[in-house]
Amino acid sequence: MTHHASSGGGISGLCLAVALSRISDIEVSLYEAADQFAEIGAGVMIWARTWNILQFLGLDEEFSKVAHAPPDGSLGIMQFQ
């Protein structure tokens, strides 16, 4: 039996899609209302438990490359242009 799941293109939807895609009998479709992905200038807070989920999914290293602050609780360095 194949089950279907849909998710959006935000952080939560993408994480859900990755997690569900690892289950062989679930077909995942990703839908996003926006025409394209773009920065909107808003900050994103990642809580410790959310970071644990990113680690579990193997997404933590890639996410940390684009994050302005490390997940260790320090403030990190924000660069302004």
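Throughout, read-outs are computed from the coordinates displayed, never taken from laboratory work. The shown structure was predicted, so the numbers you read here are calculated from the model rather than taken from an experiment. Virtual Cβ from ideal backbone geometry, glycine too; neighbours counted across all protein chains shown.
Quick notes on this one:
- For E27, the amide hydrogen comes within under 5 Å of the amide hydrogens of H3, H4, A5, counting only partners 5 or more places away or on other chains and with H modelled in the peptide plane.
- Simple spin-label estimate for S64 and A33 gives 3.4 nm between the two label positions (7 Å along the Cα-to-Cβ direction from each Cα).
- Label point at L57 placed 7 Å out along Cα→Cβ; residues across region 1-44 whose backbone nitrogen lies under 12 Å: 7-22
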